[in-house]
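The structure appears right after this line, and notes come after that.
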Amino acid sequence: MGLKKGFLWGGAIAANQVEGAWNIDGKGPSVADVATYKPNVDVKDYKKQVGVTSESIDKALHTKDTEYYPKRRGIDFYHRYPEDIKLFGELGFKTLRISIAWSRLFPTGEEKEANPLGIKFYKKVFHEMHKYNIEPLVTLSHYEMPLYLAIKYNGWSDRRVISMFRRFCDSCFYEFKDDVKYWLTFNEIDSVTRHPFTSAGIIPDESENLLQDEYQAFHHQFVASALVTKDCHKIIPGSKVGCMLTKLTDYPNSSDPRDVLTSFNKNVMNYFAGDVQVFGEYPPLVLNFFKKNNLHIEITDKDRQILRNNTVDFVSFSYYMSTVSSYDKGNLELTAGNTIVGGKNPHLKTTDWGWTVDPIGLRISLLELYDRYHKPLFIVENGMGAKDTLTDDKKVHDDYRIDYFREHFREMIKAVDAGVDLMGYTSWAPIDLVSASTSQMSKRYGFIYVDEDDLGKGTLNRYKKDSFDWYQKVIASNGKNLD
Ligand code: BG6
């Protein structure tokens, strides 16, 4: 009973939210570098609020500002990674999930060779991890494609981007083959329709038919993911490649069959990216959705073969919250969630940002995913964004965060006891970083506090929160000591 020996405990971060150094050592701008500070994302229109326009991109390209564009500065992991990784080592991490910024290796995406300074940086990062026996888990695309590809090709809506991504991935496999065994292709691949720019480089006002471009981009990412899965297996024998899904668990608002049907239909779309990558083919209901919506997605016979022959080794996912659905939207109070707006569940509490807190939902998610896919699972993001207070003696008393994790771990272990094959758990995020959706620093997730405010002011010093000691004990006891 309980978690297996060798369970991969750790934490997860992404290059664009921590590194900073957005324009040095040859790095090109990425889609993240034009994302602005948006503390007030409107619950009712998430997509519009987090999106960009051609005009906003143009404006961003004319400034070097890092106050209003916080992902350009991150938490300066680019220079402070030895200190941060040392702290992760102290926490007892078995793994650390990072991403490799595509535009640090290929500034525009079109270069033929990788930038040696980019390679050097990640080599040093991996070296540092291995010093503390931390196994790297690497995401190849985490909301940070080269901006140039977004502007020139309207991102992933163009098939030519597949080969450029493949070149980037293959360079990573060759360069880091002795350093990295576990790889993820696209972070939250299902998010293309929720935020097409960050996820797929699609600039909505450049699209004549946005929905068509979004689903075509999905398809190109699926093909690219399958191709690089194949390459990875060939270049790094014994490597494991996973897909990465946003687990948006949704419940019917009531037992009214119309609510049940609405929630079911939502889940068909929530699962479709996982289905393609695990089963190697499109679900028939989704193909019919394309037809009904007059979407003409170019899927060639060769694509079908590539998808069929190169499915993933494991399924990883993020889980933060759940929603409820009703056939009659008037029945629902809306609340924010991870890249969505959904019906609020009256049985659950919410975080400072309105996301529901649903530990049992994590167990349900694990059971659903395992039952559906029969593949090893990996929780690669889970955590709570909260407002923390740094006391005068530089402490953070974050009992609320400990409570959040404790309840989620209890449910996670129950799922494992029910038979789920779980490879590991990486919290989002072990250290405070710039929020993906709002670019805030004040939405804090870490066990480690970073002294930096929303406008980038502060010493950038790192301080351990109360949750640091707690998580350290959890890891040391392999989940047995949750007190
Ligand atoms: C996931 C992303 O969607 O949620 C992360 O993969 C992100 O990049 C995390 O940071 C939490 O979301 P947010 O908007 O609170 O940072």
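Computed values, structure above
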read-out	value
Qualifying position, being under 20 Å from ASN187 (Cα atoms), surrounded by fewer than 22 Cβ atoms within 10 Å (Cβ to Cβ) and out of contact with any strand residue (DSSP E or B) (no Cβ under 9 Å at 6 or more places or on another chain), among GLY26, GLY74, GLY51	GLY51
Hits in region 312-328 - residues which are within 30 Å of VAL260 (Cβ to Cβ) and open to solvent by 30 Å² or more (accessible area, probe 1.4 Å)	TYR327, ASP328
Filtered residues of region 347-370 (kept if touching a residue at least 12 places away in the same chain (Cβ under 8 Å) and open to solvent by 50 Å² or more (accessible area, probe 1.4 Å))	THR350, ASP352, ILE360, ARG363, ILE364, LEU367, GLU368, TYR370
Enumeration of residues in region 400-446 that are open to solvent by 10 Å² or more (accessible area, probe 1.4 Å), free of Cβ contacts under 8 Å to residues at least 40 places away in the same chain and within 16 Å of the ligand (Cβ to nearest atom)	TYR400
Qualifying residue in region 174-188 (condition: without any contact (Cβ under 8 Å) to a residue 40 or more places away in the chain, out of contact with any Leu (no Cβ under 9 Å at 6 or more places or on another chain) and open to solvent by less than 70 Å² (accessible area, probe 1.4 Å))	no
Conditions (1) more than 16 Å from the ligand (Cβ to nearest atom); (2) surrounded by 22 or more Cβ atoms within 10 Å (Cβ to Cβ): number failed by ASN382	(1)
Matching residues, region 385-399, being more than 16 Å from the ligand (Cβ to nearest atom), touching a residue at least 12 places away in the same chain (Cβ under 8 Å) and either surrounded by fewer than 21 Cβ atoms within 10 Å (Cβ to Cβ) or aromatic (Phe, Trp, Tyr) (or both)	LEU390, LYS394, LYS395, HIS397, ASP399
Elements of type helices (runs of 4 or more DSSP H) contained in region 1-92, each with 2 or more residues being more than 22 Å from ASP451 (Cβ to Cβ) and at pLDDT 95 or above	54-61
Pair list, Cβ under 9 Å, 6 or more apart: region 103-125 residue at positive phi, other residue surrounded by 15 or more Cβ atoms within 10 Å (Cβ to Cβ) and among the polar types (S, T, N, Q)	GLY109/SER103
Failed item, numbered, when SER254 is tested on (1) in a loop (DSSP other than H, G, I, E, B); (2) in contact with a His (Cβ under 8 Å, 6 or more places away or on another chain)	(2)
Test: residue in region 396-408 that is of a type in the set (Val, Ile, Thr), part of a strand (DSSP E or B) and in contact with a strand residue (DSSP E or B) (Cβ under 7 Å, 6 or more places away or on another chain)	no
Test: residue in region 286-300 that is among the hydrophobic types (A, V, I, L, M, F, W, C) and within 14 Å of the ligand (Cβ to nearest atom)	no
Long-range neighbours under 7 Å by Cβ, at least six apart or interchain, first residue outside any helix (DSSP H, G or I) within region 298-310, second β-branched (Val, Ile, Thr)	ASN310/THR229
Number of positions in region 189-226 that are open to solvent by 30 Å² or more (accessible area, probe 1.4 Å) and either part of a helix (DSSP H, G or I) or small (Gly, Ala, Ser) (or both)	9
Of the criteria (1) touching a strand residue (DSSP E or B) at 6+ places or on another chain (Cβ under 7 Å); (2) closer than 14 Å to ILE24 by Cα, which one THR95 fails	(2)
So ARG194, is it under 18 Å from SER141 (Cα atoms) and more than 16 Å from the ligand (Cβ to nearest atom)	no
Scan of region 246-270 for residues that are out of contact with any Lys or Arg (no Cβ under 6 Å at 6 or more places or on another chain) and either open to solvent by less than 20 Å² (accessible area, probe 1.4 Å) or within 16 Å of the ligand (Cβ to nearest atom) (or both), ordered by number	THR246, LYS247, LEU248, THR249, ASP259, SER263, ASN270
LYS152 vs. criteria open to solvent by 30 Å² or more (accessible area, probe 1.4 Å), of a type in the set (D, E, K, R) and outside any helix (DSSP H, G or I)	no
Options TYR471, TYR463: the member that is touching a strand residue (DSSP E or B) at 6+ places or on another chain (Cβ under 6 Å) and either within 16 Å of the ligand (Cβ to nearest atom) or not basic (Lys, Arg) (or both)	TYR463
In region 387-405, the residues that are hydrophobic (A, V, I, L, M, F, W, C) and under 20 Å from THR246 (Cα atoms)	PHE405
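A quick yes/no check of all residues on (1) hydroxyl-bearing (Ser, Thr, Tyr); (2) over 20 Å from the mean Cα position of the chain (by Cα):
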position	(1), (2)
ASN310	no, yes
TYR319	yes, no
SER325	yes, yes
GLY330	no, yes
VAL341	no, no
TRP355	no, no
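For every residue, the table says whether it meets (1) charged (D, E, K, R); (2) modelled with pLDDT of 95 or more; (3) assigned to a loop (DSSP other than H, G, I, E, B).
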site	(1), (2), (3)
GLY419	no, yes, yes
MET423	no, yes, no
THR426	no, yes, no
VAL434	no, yes, yes
THR438	no, no, yes
MET441	no, yes, yes
GLY446	no, yes, yes
GLU452	yes, yes, yes
LYS457	yes, yes, yes
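The values are calculated or read from the model by the stated rules, or taken from the named source; none is laboratory data. Since the model is a prediction, treat every value here as computed from it, not as a measurement. A quick note on method: Cβ atoms are made from the backbone with ideal geometry, for glycine too, and the neighbour counts reach across all protein chains shown. Areas reflect the complete protein model, heavy atoms only, side chains present, ligands, DNA and RNA absent. Shrake-Rupley method; radii C 1.70, N 1.55, O 1.52, S 1.80 Å.
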